[in-house]
Amino acid sequence: MKNINFKLIFLFALSTFAISCSNDDDDNTTETPKETLAEYKYLRVLLSDEKTTEITLVNPVDGTSSFFNAKFAKSTIYTTESGRYAGIIHRADNTVETFDSGFEGHGDHVDVDGIPKFGALTGQSPMPTHFKSKIGELLTFNDGDGTLSVAKEADVNTAGAKFKVINAGLLAHHGAMATFTNGTYAITQKDNSVAGTLPEKVKIIDNTGKTLFESTISTKGIHGNASDGTYAVFGSASGVLVVESSGKQKLIALPDGFGTAWFGSILETKAQGKFIGFTAEKGAYLIDVINGTIKPIIQSATIAQCKVSYNMSKLGILLNSGEFKLYNLTTLQVEKEGKVIAEIAKDATMKPQIQLTENFAYITSPTTGELLQLSLSNMTIAKKIKVSNTPYRITILGFENSKSH
């Protein structure tokens with residue numbers, strides 16, 4: 001009997017030990033790390049250089065760079081509506097160039113249609129400055145004479161293609177324009193009621209330059225604009241100016257406490273009628289033109305860069321402290337944040353520039369000639385990619401898609 005009891009006690013102890021070991025194993029088991037996110041196969045990063053004509057095309061998937069030469073240095077660069085092409089603006093040299101990524105988007109997949117190269121389409125105009133791309137067009141406002149220059153995306157690779165000029169009879173000024181989906185344009189006007197180069201009004205014209213609707217509101221100066229095709233929104237010292245293709249105009253009052261500050265930059269989002277207003281003096285705000293409201297996203301006077309993501313659903317904020325904040329534009333809440341680079345000197349002559357994709361932010365390092373790929377999932381620098389020595393401006397080309405035929 002005693003022998004049987006002893007065996008039972010031994011078996012109980014052994015099973016308890018086994019369970020204990022099993023529990024210990026569970027406690028010490030580390031989760032299999034999730035697969036590291038990679039950039040989409042058909043996305044590229046395009047950079048210009050401040051001191052040379054070098055243009056860098058970065059493949060962020062493998063961290064390689066290809067180099068090209070523009071006509072002039074220190075160009076601003078923008079992506080066209082389709083995502084395939086870029087406009088390269090040489091304001092001081094009165095020239096516009098185009099660049100072709102070679103990627104052709106087809107919704108569910110992407111085709112490779114040739115190699116990356118400069119487009120055949122070019123433009124010559126006095127001080128081309130603001131660049132926009134809607135309804136398959138490329139558009140610049142020319143500060144030197146107050147005209148617009150327009151071309152078709154479909155003509156980027158057409159031999160001898162040139163931008164055509166639209167003259168609306170305006171005075172030369174530092175202006176802006178926006179395209180409506182019906183093919184008309186909102187364009188700024190200068191009447192000299194405000195000293196300086198900034199315009200005071202906006203009117204609607206057609207593609208011949210004919211005035212369709214005169215301005216109904218005069219402001220104390222306009223700078224910065226965006227359009228979703230239905231609403232054209234302009235930053236103004238008198239408030240946010242909202243213009244529709246019908247000629248209807250209204251001002252949305254700036255938030256209390258703004259004083260003399262106003263939104264000199266307006267950015268588009270994916271939501272109809274919602275835009276981002278940015279001023280370095282106050283921060284970034286969500287502008288709802290339908291409801292006539294302006295809500296703070298981040299209130300700060302230390303923002304170095306403020307950019308909407310490539311899919312226009314997130315907002316990236318780089319602070320002078322080197323901190324990066326990622327905001328969801330639906331909730332207006334911070335999703336991720338962290339210190340990602342060294343502090344940026346306020347008096348630095350060359351400052352980092354940023355762009356965002358769904359999974360990464362790209363930050364230029366103008367002192368080391370690198371492009372930093374920041375993982376938005378863990379706020380760490382995933383790659384440092386060599387580009388030109390003094391990167392100046394940056395844009396995203398291509399598609400957030402890795403599927404081909």
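The values are calculated or read from the model by the stated rules, or taken from the named source; none is laboratory data. Just so it is clear, the model here is predicted, and its values are computed rather than measured. Glycine also receives a Cβ, built like all others from the backbone with ideal geometry; neighbour counts cover every protein chain displayed. What goes into the accessible areas is simple: the full protein's heavy atoms, side chains included, and nothing from ligands, DNA or RNA. Shrake-Rupley method; radii C 1.70, N 1.55, O 1.52, S 1.80 Å.
The residue that is surrounded by the most Cβ atoms within 10 Å (Cβ to Cβ), among those in the range 164-195 that are under 21 Å from the mean Cα position of the chain (by Cα) and of a type outside the set (Val, Ile, Thr), is ALA178. The set of residues in the range 44-92 that are over 21 Å from LEU139 (Cα atoms), of a type in the set (Gly, Ala, Ser) and in a strand (DSSP E or B) comprises SER65, SER66.
Among residues of the range 58-84 that are without any contact (Cβ under 8 Å) to a residue 24 or more places away in the chain and among the β-branched types (Val, Ile, Thr), those with a Cβ under 7 angstrom from a residue that is open to solvent by less than 70 Å² (accessible area, probe 1.4 Å) and in a loop (DSSP other than H, G, I, E, B), sequence gap 6+ or separate chain, pair up as VAL61/ALA38; VAL61/GLU39. The set of residues in the range 332-369 being more than 19 Å from the chain's Cα centre (by Cα), at pLDDT 95 or above and acidic (Asp, Glu) consists of GLU343 alone.
Regarding LYS210, is this residue surrounded by 14 or more Cβ atoms within 10 Å (Cβ to Cβ), closer than 22 Å to LEU171 by Cα, of a type in the set (D, E, K, R) and at pLDDT 95 or above?
no
Looking at the range 190-198, is at least one residue touching a strand residue (DSSP E or B) at 6+ places or on another chain (Cβ under 7 Å), under 17 Å from PHE141 (Cα atoms) and part of a strand (DSSP E or B)? The answer is no, given that none of the residues of the range 190-198 is touching a strand residue (DSSP E or B) at 6+ places or on another chain (Cβ under 7 Å), under 17 Å from PHE141 (Cα atoms) and part of a strand (DSSP E or B). Mind checking which residues of the range 367-381 are closer than 20 Å to SER66 by Cα, aliphatic (A, V, I, L, M) and open to solvent by 10 Å² or more (accessible area, probe 1.4 Å)? The answer is LEU372, and nothing else. Can you tell me which residue is most open to solvent (accessible area, probe 1.4 Å) among those in the range 216-239 that are farther than 24 Å from ASN311 by Cβ and in a strand (DSSP E or B)? Filtering the range 216-239 for residues that are farther than 24 Å from ASN311 by Cβ and in a strand (DSSP E or B), the one most open to solvent (accessible area, probe 1.4 Å) comes out as HIS223.
Quick check: anything in the range 50-68 under 22 Å from VAL150 (Cβ atoms) and open to solvent by less than 40 Å² (accessible area, probe 1.4 Å)?
Taking the range 50-68 and keeping what is under 22 Å from VAL150 (Cβ atoms), we get none.
No, every residue in the range 50-68 fails to be under 22 Å from VAL150 (Cβ atoms) and open to solvent by less than 40 Å² (accessible area, probe 1.4 Å).
Being on the phi < 0 side of the Ramachandran plot, open to solvent by 10 Å² or more (accessible area, probe 1.4 Å) and assigned to a strand (DSSP E or B) is a property that does not hold for LEU254.
Among the strands (runs of 3 or more DSSP E) confined wholly to the range 258-321, which include 3 or more residues that are open to solvent by less than 40 Å² (accessible area, probe 1.4 Å) and under 24 Å from PHE399 (Cα atoms)? Those strands (runs of 3 or more DSSP E) span 303-308, 314-319.
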